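Q: Got a structure for you, questions after.
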Amino acid sequence: MLKTTTRTARRLSRAALFSLVRGASYAMGASLTGYAIWWLQH
């Protein structure tokens, strides 16, 4: 039972870390795209 909960906790933490990195990269890409559009217009 302990192995299963450890494995589940590890899987959940990995999924949370992956979604955090994906969200951060999406935000960075969106802001860089906005900055590039602003820079090209000015």
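Q: Helix-only estimate, please: 222 nm mean residue ellipticity of the chain, summing -39500 (n - 2.57) across DSSP H runs of length 4 or more and dividing by its residues, to the nearest 500. Working shown, then result.
A: Working: 1 runs with 40 residues, N = 42.
Dividing the helical sum by the residues of the chain leaves -35000 deg cm²/dmol.
Q: With r defined as the distance between the Cβ atoms of Thr33 and Arg7 and R0 fixed at 30 Å, what FRET efficiency is calculated, to the nearest 0.05?
A: 0.20
Q: At a 1.4 Å probe radius, carbon and sulfur cover how many percent of the accessible area of the chain?
A: Working: 2930 of 4230 Å².
Whole-percent figure for carbon plus sulfur exposure: 69.
Q: Less than 13 Å Cβ to Cβ from Leu17, Lys/Arg counted +1 and Asp/Glu -1: what total charge do the surrounding residues give?
A: On the way: positive: Arg10, Arg11, Arg14, Arg22; negative: none.
Residues near Leu17 contribute +4 overall.
Q: In addition: What whole-number value in Å² describes the accessible area per residue of the chain for a 1.4 Å probe?
A: Numbers: 4230 Å² over 42 residues.
So the chain comes to 101 Å² accessible per residue, rounded to a whole number.
The values are calculated or read from the model by the stated rules, or taken from the named source; none is laboratory data. These numbers come from a predicted model, not from an experiment. Backbone-built Cβ (ideal geometry, glycine too); neighbour counts: all protein chains shown. Ligands, DNA and RNA are excluded from the accessible area calculation, which covers all protein heavy atoms including side chains. Shrake-Rupley method; radii C 1.70, N 1.55, O 1.52, S 1.80 Å.
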